[in-house]
Amino acid sequence: MVLRDNGKKMSEEEEFFGLTKNFKLKEFRCRDGSDVPEDLMGNVRLLAENLQVLRDHIGKPIRIISGYRSKKYNTKINGAKRSQHMLAKAADIKISGMAPKEVRETILELIQEGKMHSGGVGIYTTFVHYDVRGWNARWKGSGVKDDIK
């Protein structure tokens, strides 16, 4: 059962059909199958709202390859010890037809214009990490991820 910020149960429609017009809560579920915890729902909504800004700007679907991570799963994949993924504030994304460098530059432009929330932007070989931590962090990684669970 997933609850809204006000403590009321979220409907199946809300859970499966929309945090925003294009992003569903299930897209942010941990790859180990665990749901976003109730106390982190505000974080995942903020993240989805910012990714919606990006999607509206580029006019292309965004594939979430990693959203929320449970502590156990984050440890299993050797994620950062203080990963924003464990707070439901981060997503690793791919956009068909756009190179990671192009995605990163677009996100940075939207942050600079005040259209997206300040946060972490990391570029990797095949994807981009974006998070809504509230302050700017930038890095280049060497990881490769795919969509296979």
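Here are some notes:
- √(5λ) per eigenvalue of the Cα gyration tensor, the stretch 12-140, largest first, Å: 21, 17, 14
- The chymotrypsin sites (Phe, Trp or Tyr not before Pro) of the stretch 48-149 that DSSP puts in a loop, and whose beta carbon has at most 15 other beta carbons within 10 Å, are W135.
- The residues neighbouring G122, those whose beta-carbon lies less than 9 Å from its own, together hold a net charge of +1 under the Lys/Arg +1, Asp/Glu -1 convention.
- Loop-located GluC sites (Glu not before Pro) in the stretch 42-149 (DSSP state not H, G, I, E or B) with no more than 12 neighbouring Cβ atoms inside 10 Å: E113.
- Contact order normalised by residue count of the stretch 12-140, Cα under 8 Å, 6+ apart, percent: 21 percent
- The stretch 16-67 and the stretch 112-144 have their alpha-carbon centroids 16 Å apart.
- Taking a ≥ b ≥ c as the square roots of the eigenvalues of the Cα gyration tensor, an a/c ratio of 1.5 or more together with a/b larger than b/c marks the stretch 20-71 as prolate.
Computed from the coordinates by the stated procedures, all read-outs in this text should not be read as laboratory data. Here the structure is a predicted model, which is why all the values come from computation and not from measurement. Here the Cβ is made from the backbone with ideal geometry for all residues, glycine too, and neighbour counts use every protein chain on show.
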